[in-house]
1. Before we move on, is Ala147 assigned to a helix (DSSP H, G or I) and either in contact with a helix residue (DSSP H, G or I) (Cβ under 6 Å, 6 or more places away or on another chain) or basic (Lys, Arg) (or both)?
2. Is it fair to say Val30 is open to solvent by less than 60 Å² (accessible area, probe 1.4 Å) and at pLDDT below 80?
Amino acid sequence: MTERTLATGRVPTSGALDAPRGKPGLALAVILTCQLMLVLDVTVMNVALPHIQTDLHFTSANLSWVMNAYTLVFGGLLLLGGRAGDLLGRRRMFVLGITVFTLSSLAGGLASSAALLLAARVAQGLGAALAGPNTLALITTTIPDPARRVRALALFAGMSTGGFAIGLLLGGVLTELGSWRWVLFINVPFGIAVALLARRYVRTPERHPGALDLPGAITATAGVAALVYAFIRAAGDGWADPVVLATLLGGVLSLAVFVLVELRARQPLLPMWLFADRTRAAAYGNYFLGPMAMMSMFFFLTQYLQDVLKLTPLATGFAFLPMAAAMFGMTRLVPRLLARLGAKTMAVTGSMLMIGGLVWLTQVGEHSGYAAGLLGPMVLIGLGGGLGFAPLNVLIMATVPVANAGSAGGALQTVQQVGGTLGLAVLVTVSGAAVRGVTGTPAHVLVTGMTSAFVVSACFAAITLAVALTLPRRQTR
């Protein structure tokens, strides 16, 4: 399948699903289950945070690191994990990563102190960084048939975006019916199953011997980790904080050195030609911008549902179910729509739906009910996310040579993680500035900051639309 074929939406509509072990459907299920587990852990802890704070005696300042410890390590090591898969074996890194993730989930669930839980979350991030980019790369080698691969990549995109909402739902259910510890324990049986089934049913792709680009690995990891840390710290301490500024500058300089290293390296960690093609570069750009717009919705609406509407953790989780259903439902239609409409039409339409949903959320008030104030925009955003991002995932991965699939997958997930973290840091800062000097009830203060953040989120979504408009038009027959 060529880039022109994908960009114009001319996708084959038939073909057998082939796999070396005769069970490609099971192999794909294993890969997608792993991806869902990794994405869930970005948001699954959100609803459980008050219970964790009480049980393990976290301070208010340190509580955010239950989330950030995972995000920081996951985002910082993704490029390295992807390239390690290319060189050392993708299935090997996939199994190793999910094993580390599963064991650290068990350790986190058993943690008796704040320090032990944070250490487990760091280890989870390491495992996720090893497994994550190789899940995407394994799809390209497990499913050789182009039409079936498009369907698989669309499902992967659905897991990657809808998984955030499912994480909130699952976190609410487990916290309400059991304990916050089950938010971590739930990973154990699924992780064991994925590790065992992967060895039996997931194909071992051809390895591509070479030397690891150590200077690139060091500068990329340091740069991404520094940026993610700066964004996380800025959300709490503001952008004028000296540590934020120093870390941000260090991250930018490290990434600048990384680019220079990659341009000269014989076997680069991240081949720069991945971004030379206009279509692929635009797809990467929207994978960076989309999470900037969407992550604020999860963060602020979780607080609104519990602190303003007074919903329980269980009800809060279920409140996100319509959005997740809309996103997954749209993902199932992506292969058919891609063939008929083309990637540009889908990405543009999806971005417009997201803008509409976020603008609608700016009108939410203290007394807006769930059905009247939140349900409509959440469904719009779910439809927009499913329609707008799945074809971009296909554009990137289905046009990359097999030898570089790990690097391409690592880059895709890195821009997604960094985009989400940067967006949330910016929007928390916007929210804080909006409520400075505001008086009234806690609900009034929260809504004032939240709606201001949604205005900026809608601006991020508008930039996403502008980038989508640069995609090539669908070729007419």
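1. no
2. Criteria not met by Val30.
Conditions tested, residue by residue: (1) buried (at least 21 other Cβ atoms within 10 Å of the Cβ); (2) within 22 Å of Ala123 (Cα to Cα).
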residue	(1), (2)
Asn134	yes, yes
Phe164	yes, yes
Arg181	no, yes
Ile192	no, yes
Val202	yes, no
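Okay, residues lined up against (1) free of Cβ contacts under 8 Å to residues at least 40 places away in the same chain; (2) of a type outside the set (Val, Ile, Thr); (3) within 25 Å of Thr441 (Cβ to Cβ):
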| site | (1), (2), (3) |
| --- | --- |
| Gln303 | no, yes, yes |
| Phe318 | no, yes, no |
| Pro322 | no, yes, no |
| Gly342 | no, yes, no |
| Thr345 | no, no, no |
| Leu358 | no, yes, yes |
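The values are calculated or read from the model by the stated rules, or taken from the named source; none is laboratory data. Source: prediction; values computed, not measured. Using ideal geometry, Cβ is built from the backbone for each residue, glycine included, and neighbour counts are taken over all protein chains shown. For the accessible areas, the whole protein counts, side chains as well, though only heavy atoms, and no ligand, DNA or RNA atoms are used. Shrake-Rupley method; radii C 1.70, N 1.55, O 1.52, S 1.80 Å.
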